[in-house]
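Working notes, structure below.
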């Protein structure tokens, strides 16, 4: 089901994140399992404490601007608020990684083991995981490598520091500015030595955030692209395309084996959903708020912002919008595909009446695979439209609010 390169890709993808401390998970490419070492667990805890401390400092400095230094008319308030809110999102993920690291490790090993076992047991000899059409094969490898190539994106925060070194969000802003002829002196002032030192630290933190983004994207991708082909194709009895050929043996889609395999997928999804339900709800709210805040700040301060800040805020708004809408769309389609697959079981052929009665009772107990808390918040196909509508509606309200002033 997977390519031979997946183990090597997972190993090298997690090498830098586990070394920095944004995840405690390490992948052993020989045994093909995820595991946690005592040192990686400590590094994750230390980095989380450092990130939370930076976040608290940023929030305090932002509140200081609101109440003691210019109020809402302060030229630095918008940028400081966005930096603080973005760090809150980073810490939300880090806290989740700390609280659920053992559960994440267990679930990922379970998914990888099930995918490998399913491939050995049910995939036909004609199936070739090295083709791009193979979602769980080469496509998964290319996706992980693509995410890895995009992980350095947060490094744009370092040029932002050089562009606005006295921004209150940054730690050196507490130091008094050095005089022009003493910029290279070794003194407790905001001189070139302090700027270079903090720029190095800022670069390290930006790389760490990029690696956290890599981990947060790779783990769901591994599960989704393992289960999606099964729910979309292999467990489905009829297809809109009559020329479609299954990659598994026909006997899989029978009363004897189909309930067992679908139960395995249901149990895995139930455990994963239990682990991510609340963090997904929090992240959904956070993405909506940061996109609206970015749009509001851009519209309100367009004439006063420098070109570099404009480009950075626009790119950040677009990336947040694209990342979360893509995630919602994939999860929504996943839910819709499971509904279509369950409905397709009405066309299952039965050899005996007892089989038909048994399978119909079983099918009634199967629920569509959904992410979220049933009755409170679940992600479906319409969720992405509701999210987009909320962003557009909120942005227009911001425009009208600014126009009245």
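Based on what the data block shows, is residue 20 touching a strand residue (DSSP E or B) at 6+ places or on another chain (Cβ under 9 Å), touching a residue at least 40 places away in the same chain (Cβ under 8 Å) and either closer than 20 Å to residue 211 by Cβ or surrounded by fewer than 19 Cβ atoms within 10 Å (Cβ to Cβ) (or both)? No, not satisfied. Is it fair to say residue 338 is modelled with pLDDT of 90 or more, under 22 Å from residue 258 (Cβ atoms), in contact with a helix residue (DSSP H, G or I) (Cβ under 9 Å, 6 or more places away or on another chain) and part of a helix (DSSP H, G or I)? It is true that residue 338 is modelled with pLDDT of 90 or more, under 22 Å from residue 258 (Cβ atoms), in contact with a helix residue (DSSP H, G or I) (Cβ under 9 Å, 6 or more places away or on another chain) and part of a helix (DSSP H, G or I). Within the set 152, 129, 75, the sole residue that is more than 30 Å from residue 56 (Cβ to Cβ) and modelled with pLDDT under 90 turns out to be 129.
Inside the range 343-361, residues that are within 18 Å of residue 230 (Cα to Cα) and in contact with a helix residue (DSSP H, G or I) (Cβ under 7 Å, 6 or more places away or on another chain) make up a count of 2. For the range 29-41, a tally of residues being farther than 18 Å from residue 10 by Cβ and in contact (Cβ under 8 Å) with a residue 12 or more places away in the chain returns 1.
Checked against the criterion of being in a helix (DSSP H, G or I), within 19 Å of the chain's Cα centre (by Cα), surrounded by fewer than 16 Cβ atoms within 10 Å (Cβ to Cβ) and free of Cβ contacts under 8 Å to residues at least 24 places away in the same chain, the candidates 145, 149 yield just one match: 149. Residues satisfying the criterion are absent from the range 152-175 (criterion: in contact with a strand residue (DSSP E or B) (Cβ under 9 Å, 6 or more places away or on another chain), closer than 30 Å to residue 107 by Cα and either touching a residue at least 60 places away in the same chain (Cβ under 8 Å) or surrounded by 17 or more Cβ atoms within 10 Å (Cβ to Cβ) (or both)).
The values are calculated or read from the model by the stated rules, or taken from the named source; none is laboratory data. This one's a predicted model, so the numbers in the text were calculated from it and none came from an experiment. Cβ coordinates were reconstructed from backbone atoms using ideal geometry, including for glycine residues, and neighbour counts include every protein chain displayed.
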